[in-house]
Every structure is written in C-alpha cells, then in structure tokens.
Amino acid sequence: MQEMPKIIGAGLVVIGTGIGIGKIGAAALEGMARQPEQAGKLQTAMLIAAALVEGVAFAALFAVN
Amino acid sequence: MLKKVVLVIGFLSTFSTSFAQHESAVVSATETSVSKNVSEEVAAPLSEAEKIKSENKAYIDHHLLDGHSFDIMVSKNADGTETHIGFPLPVIFYDGANGFHTMMSSAFHHGDEVVESKGGHYTLSHEKIYKTDANGTLTMDEAGHATNEKVLDLSLTKSVLMILVTGLLMILIFGSIARNYKKSLVPSGSAKILEPVILFIRDDIAKPNIGPNYKKYMSYLLTIFFFILFLNIFGLMPFGINVTGNIAITFALALLTFLITQFTANKNYWQHIFWMPGLPWPMKIVMMPIEIIGLFIKPFSLLIRLFANMSAGHIIVMSLIALIYYFQNVIAGVAFPFLTFVIYLLEVLVAFLQAYIFTMLSAVYFGMANEEHHHEEAH
C-alpha cells in the first residue's frame with residue numbers, strides 16, 4: 001500500500017505526457033497536411049518538441065521511482 | 001519483395017526467441033541466490049506468486065546493471081549450486097591504503113568467495129566490491145544492500161568491454177570507408193549503406209541547425225550518432241549488454257556535448273546568458289540565473305532521455321517475458337512472446353530515434369553557441 005501514491009503519480013505523469021505528445025503530433029500532422037512541402041522542417045520541429053516533453057516526463061518518473 | 005519481408009521478420013524473430021530462451025534458463029537458475037537473499041530479508045515464508053515476482057525482479061535488475069563477468073548462461077545444479085557459463089573479466093580496483101589490486105573476476109566466484117589481496121579481504125555483493133574480513137562478513141541494511149566500506153572500482157566490466165568492442169568496430173568500418181573515398185568517390189562496401197546516413201546527418205541535422213560553421217562539428221556529430229546507434233542495437237541483440245541504459249555512460253556523452261558547446265561558443269552566446277540584450281535592466285538580472293540553470297538543464301535532459309528510453313525499453317521486454325513465468329499457462333506462453341516481438345520491433349525504432357534525437361539536440365545546442373548577432377531589437 002505504501003507504493004500506491006508512487007504508482008498513481010507515475011500514472012499521472014504518463015497521462016500528461018500522452019496528452020502533450022499527442023497534441024504535438026496532431027499539430028504537426030495538421031501542418032504537414034496544409035503545407036506538404038514543409039513536411040521535413042515540421043517533422044524536425046515536432047521531434048525536438050516531443051523529445052523535450054519526454055525529457056520532463058522521464059525526470060518525473062525517476063523522481064517517482 | 002514478399003520474400004524479403006519474410007526473411008527480415010524471420011531474422012528479427014530469432015533474436016526474440018533466443019532472448020526468451022536465454023531468459024528461461026536464467027530465471028530458473030537465479031532461484032537459489034534470490035531465495036537466499038529473500039529469506040534473509042523477510043522471515044515469513046513467501047507465497048509461490050510472490051517468489052516468482054521477486055525472482056523476475058532480481059533477474060531484470062541483474063540484466064540492467066553492469067557486471068564483473070560476462071555470463072552467457074547460468075544454470076542450477078541438483079545440489080543447489082550454480083554453474084555459470086561465460087568468461088571472467090579483469091578486475092582492477094584501488095583501495096586507499098592498500099593501493100591498486102588486479103585480478104580476474106573468476107576469483108570472486110560470483111560473490112561466493114572472499115579474495116585476499118595484499119593483506120586486504122574483498123568480496124562481491126550485487127556486482128559491487130566491498131572490503132570485508134577473512135570470513136566475508138557483510139553488514140546489510142534494511143533494503144539488503146551491504147554497508148561495508150567500498151573500494152574505487154576501475155574494473156573492465158561488461159559495459160566497458162562492449163564500449164571497447166563498439167569502438168574497435170567503428171574504427172574498422174569507418175576507417176575502411178575513409179580509405180575507400182581516398183581511392184574513388186564511388187561508394188563501395190559498407191559505404192553504400194552508410195553514405196546516405198552520413199549525408200543525412202550533414203544535410204538534415206548539421207547544416208540547418210548549426211549554420212555556416214557546421215564543418216568543425218561534423219566529426220563529433222557523426223561519432224556520437226553511430227556510437228549511440230551501435231550501442232543501442234547491440235543492447236537489443238542476444239547476449240548484448242545494455243550500455244546506453246547505464247547512467248554513467250549517458251552522463252559522459254552529455255558532458256562531451258556540454259563541454260564542446262561551452263568551449264566553441266562565441267561572444268554573442270555568453271552575452272545572451274549573462275546580459276540578455278533588448279530587455280529592461282531589472283529583467284536582465286532576473287534572466288541571468290534562469291539562463292545559467294538552463295545551461296545545465298540542457299545536457300541533463302540529454303542524459304536522462306537516452307538513459308530512461310533505453311532502460312525503459314529493456315524493462316518492458318524483460319517484464320513481458322517475465323509474465324510468462326507469472327501466469328504459467330499456454331495462452332500466456334503464446335501471447336507474450338508475440339507481444340515481446342512487437343515491442344522489440346518498436347525498440348529497434350527507438351534505438352534509431354534516440355541516436356537521432358541525441359545528435360539533433362547536440363547540433364541545436366552547437367547552433368545556439370554559434371549564432372551571430374543579426375537583430376538589434378528585443379526578442
């Protein structure tokens with residue numbers, strides 16, 4: 001039972017990251033559909049933003065662990 | 001085309017199954033040592049499910065940690081002893097007053113025996129070397145970790161071995177590519193596969209992110225990309241060592257990026273950190289500590305990202321296989337290897353993606369350090 005808050009915290013972190021990366025992916029896909037010629041640049045920007053969100057999420061998961 | 005796809009899937013699935021076989025042999029074999037540890041910690045007898053759970057946890061921990069010997073297989077004998085199949089690696093450690101000690105890791109017998117060297121006694125517990133007495137007494141704390149005095153361990157461990165092998169392989173591959181380009185500009189051999197990747201790093205990572213000064217960073221970016229990629233891929237192979245899932249190694253890689261950024265930075269970069277142009281002066285004072293913290297957060301997020309992604313991938317693969325031993329029925333035996341295979345394919349993608357992201361973010365940081373002053377107004 002002592003582990004319970006940790007597990008709930010980890011779940012919250014994953015929910016937040018999921019929403020964050022999902023929004024980044026959705027926005028990038030929309031942008032690519034509007035301007036297919038910019039797809040390469042958008043993909044790079046998308047990966048950097050996703051990596052930054054992921055970095056914060058992993059830092060939080062380590063704090064939880 | 002179909003033949004090729006079938007061949008590729010067949011090739012990859014051999015990895016998956018050999019991983020599973022390897023696992024099954026070792027999970028049953030760690031039983032002795034694990035149950036021994038458990039009985040020391042908890043007096044009450046464990047239920048069967050809890051025992052399997054702790055065994056699986058111990059095996060996953062063992063896989064993720066660095067080790068002093070290269071175990072290919074561990075099997076349990078009828079009398080409860082363990083047979084380790086593998087080879088020992090050199091152990092080098094420094095113990096303050098006693099000086100340097102060198103030996104092979106076989107002397108420790110995987111933590112079963114006490115080694116006497118230059119008048120001191122040493123033993124191995126959870127792959128860490130501790131000072132002890134002639135009987136090998138270890139004082140344990142509540143979590144089961146020894147509290148004896150540690151020594152400065154400089155051993156050639158599994159991870160170090162794997163780094164040396166990767167380095168040697170990279171020298172061979174890229175040395176031959178370089179010799180080939182001296183003779184003719186038409187790629188041959190491994191250059192045929194790697195030329196597009198190298199051009200991708202130059203044209204899509206270095207040039208857009210760094211700008212006109214990109215050439216002096218190319219050697220570093222290429223080295224770090226292929227080094228991380230090779231280590232990630234080797235970590236996924238059977239008997240491979242999880243090197244990039246070791247925080248010390250990702251720390252060293254991020255430190256290199258940090259140092260190169262600071263030492264090649266121009267005046268403009270430092271001005272933006274200490275005295276942000278285009279802001280009213282009270283804000284400049286507020287921004288300074290934030291920018292200085294940001295200086296260290298950048299490499300820190302690099303090292304955490306690579307480490308966490310790789311160890312998370314390994315934990316998922318191992319946990320899915322471990323679930324077979326937890327459920328112990330036919331459905332689990334069929335479903336989980338399949339699920340493991342799917343996750344495994346995802347891990348191959350992650351291996352490439354993480355090498356790409358690390359290189360990409362390094363290039364972005366180098367670009368920040370090289371930005372020329374091109375606008376007078378606030379930004």
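The values are calculated or read from the model by the stated rules, or taken from the named source; none is laboratory data. The model shown is predicted, which means the values in this text are computed figures rather than measured ones. When we count neighbours, we look across all protein chains shown, and the Cβ atoms used for this are built from the backbone with ideal geometry, even at glycine. These accessible areas exclude ligands, DNA and RNA; they are computed on the full protein's heavy atoms, side chains included. Shrake-Rupley method; radii C 1.70, N 1.55, O 1.52, S 1.80 Å.
Filter the stretch B:300-316 down to residues that are more than 10 Å from chain A (Cβ to nearest Cβ), buried (at least 23 other Cβ atoms within 10 Å of the Cβ) and in contact with a helix residue (DSSP H, G or I) (Cβ under 6 Å, 6 or more places away or on another chain), then give me how many there are.
1
Examine the stretch A:25-40 for a residue that is more than 14 Å from chain B (Cβ to nearest Cβ), among the basic types (Lys, Arg) and either open to solvent by 100 Å² or more (accessible area, probe 1.4 Å) or outside any helix (DSSP H, G or I) (or both), and state whether such a residue exists. Talk me through it step by step, then tell me what you get.
Initially, the stretch A:25-40 is screened for residues more than 14 Å from chain B (Cβ to nearest Cβ), giving A:26-37.
Going one step further and asking which of them are among the basic types (Lys, Arg), we end up with A:34.
Filter again for either open to solvent by 100 Å² or more (accessible area, probe 1.4 Å) or outside any helix (DSSP H, G or I) (or both), leaving A:34.
Looking through the stretch A:25-40, at least one residue is more than 14 Å from chain B (Cβ to nearest Cβ), among the basic types (Lys, Arg) and either open to solvent by 100 Å² or more (accessible area, probe 1.4 Å) or outside any helix (DSSP H, G or I) (or both).
Given the options B:Pro337, B:Pro280, B:Pro289, name the one that is closer than 30 Å to B:Ala248 by Cβ, more than 14 Å from every other protein chain (Cβ to nearest Cβ) and either under 30 Å from the mean Cα position of the chain (by Cα) or surrounded by fewer than 14 Cβ atoms within 10 Å (Cβ to Cβ) (or both). Let's see the steps before the verdict.
Working: B:Pro337 fails: closer than 30 Å to B:Ala248 by Cβ; B:Pro280 fails: closer than 30 Å to B:Ala248 by Cβ.
Only one candidate qualifies: B:Pro289.
Residue-wise test of (1) at pLDDT below 90; (2) closer than 24 Å to B:Lys298 by Cα; (3) within 14 Å of chain B (Cβ to nearest Cβ).
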site: A:Met1; (1), (2), (3): yes, no, no
site: A:Met4; (1), (2), (3): yes, no, no
site: A:Ile7; (1), (2), (3): yes, no, no
site: A:Thr17; (1), (2), (3): no, yes, yes
site: A:Ala45; (1), (2), (3): yes, yes, yes
site: A:Ala50; (1), (2), (3): yes, yes, yes
site: A:Gly55; (1), (2), (3): yes, yes, yes
site: A:Phe58; (1), (2), (3): yes, yes, yes
site: A:Leu61; (1), (2), (3): yes, yes, yes
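Going by the conditions given, is B:Ala206 part of a helix (DSSP H, G or I), open to solvent by less than 20 Å² (accessible area, probe 1.4 Å) and either under 30 Å from B:Met237 (Cβ atoms) or among the acidic types (Asp, Glu) (or both)? First the steps, then the outcome.
Details: part of a helix (DSSP H, G or I): yes; open to solvent by less than 20 Å² (accessible area, probe 1.4 Å): yes; either under 30 Å from B:Met237 (Cβ atoms) or among the acidic types (Asp, Glu) (or both): yes.
Yes: the conditions hold for B:Ala206.
Considering only residues that are more than 11 Å from chain A (Cβ to nearest Cβ) and open to solvent by 30 Å² or more (accessible area, probe 1.4 Å), which ones fall in the stretch B:351-371?
Of everything in the stretch B:351-371, those that are more than 11 Å from chain A (Cβ to nearest Cβ) and open to solvent by 30 Å² or more (accessible area, probe 1.4 Å) turn out to be B:Phe352, B:Met368, B:Glu371.
From the list B:Ile331, B:Ile321, pick out the single residue that is in a helix (DSSP H, G or I), open to solvent by less than 10 Å² (accessible area, probe 1.4 Å), β-branched (Val, Ile, Thr) and farther than 25 Å from B:Phe227 by Cα.
Values: B:Ile331 fails: open to solvent by less than 10 Å² (accessible area, probe 1.4 Å).
Unique residue meeting the criteria: B:Ile321.
Do you know which residues across the stretch B:42-82 are over 23 Å from the mean Cα position of the chain (by Cα) and modelled with pLDDT of 75 or more? Even if it seems obvious, please write down each step before you answer.
Initially, the stretch B:42-82 is screened for residues over 23 Å from the mean Cα position of the chain (by Cα), giving B:42-54, B:75-82.
Of everything in the stretch B:42-82, those that are over 23 Å from the mean Cα position of the chain (by Cα) and modelled with pLDDT of 75 or more turn out to be B:Ser47, B:Glu48, B:Ala49, B:Glu50, B:Lys51, B:Ile52, B:Lys53, B:Ser54.
Go through (1) within 19 Å of B:Tyr365 (Cβ to Cβ); (2) at pLDDT 90 or above; (3) more than 14 Å from chain A (Cβ to nearest Cβ); (4) surrounded by fewer than 19 Cβ atoms within 10 Å (Cβ to Cβ) one by one and return the number of the condition B:Phe296 breaks.
With (1) within 19 Å of B:Tyr365 (Cβ to Cβ); (2) at pLDDT 90 or above; (3) more than 14 Å from chain A (Cβ to nearest Cβ); (4) surrounded by fewer than 19 Cβ atoms within 10 Å (Cβ to Cβ) applied to B:Phe296, the lone miss is (3).
Checking B:Asn209 against (1) under 25 Å from the mean Cα position of the chain (by Cα); (2) touching a residue at least 60 places away in the same chain (Cβ under 8 Å), only one condition comes out false. Which one?
Only one criterion in (1) under 25 Å from the mean Cα position of the chain (by Cα); (2) touching a residue at least 60 places away in the same chain (Cβ under 8 Å) is unmet by B:Asn209, namely (1).
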